[in-house]
Amino acid sequence: MGQDQPGLRGSRDGGQPQDMPLPGDGHAHDDFYIADDTSHPGSEHRLIDNLLLGQVLGTAMDRCTDCRDPLLTLLAEDAATTGRLVELACIGVHQAYGGLPAAMTEDDAGGICSPEFTRLARASLTGVNQAMFTECERMTTGQRRQAANTALDTLVGFISIDA
């Protein structure tokens, strides 16, 4: 959670903090620093909540579903931040394997990716992620949540291997 006030997250527009209750034991997690890197084509000029993204990654790395699940629900309400999470997962896979495997981009290829993640990953295949962000904006919050679940699991896997 945030360092100044554990359990509270400031809103992106600088307004009042949103209450994010801590689990009953009041524990906290270290946030991951997510750089404001919007240099990838399609992600520039997007308001991405890197603080929330870092909080989600921190709780996922700690394997704390009590904190991760409500934060992931908040993240899924934000199409740009969900798109950035999917983008980061795709970048990690692309860097490791030289591309995205069919299991991540083709509906009938099998694998563990959610159909929602597959839809977004397929839209990003051109390398210009504008299509992926646009597709993410068209999704419902529930669909974005499913895409975010797969992206988060993928990204945590790569971070864990590197750690």
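Here is how the numbers come out for the structure above:
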item	result
Vicinal HN-Hα couplings computed from phi for the stretch 94-110 (Karplus, 6.51 cos²θ - 1.76 cosθ + 1.60; Hz; Gly/Pro x)	4, 5, 6, 10, x, x, 9, x, 4, 4, 9, 10, 10, 4, 9, 7, x
Heavy-atom accessible area order for His27, His94, largest first, 1.4 Å probe	His94, His27
Accessible area, probe 1.4 Å, largest first, for residues Arg122, Arg84, Arg63	Arg63, Arg122, Arg84
³J(HN,Hα), Karplus 6.51/-1.76/1.60, whole Hz, each residue of the stretch 118-131, x for Gly, Pro	4, 4, 6, 4, 4, 5, 8, 4, 6, x, 9, 7, 4, 4
Global form of the stretch 44-91, assessed from the alpha-carbon gyration tensor, a/c cut-off 1.5	prolate
Val156, Val56, reordered so the largest accessible area comes first (probe 1.4 Å)	Val156, Val56
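The values are calculated or read from the model by the stated rules, or taken from the named source; none is laboratory data. Because the structure is predicted, anything quoted here is derived from the model rather than measured. Calculation scope for accessible area: heavy atoms of the full protein, side chains included, ligands and nucleic acids excluded. Shrake-Rupley method; radii C 1.70, N 1.55, O 1.52, S 1.80 Å.
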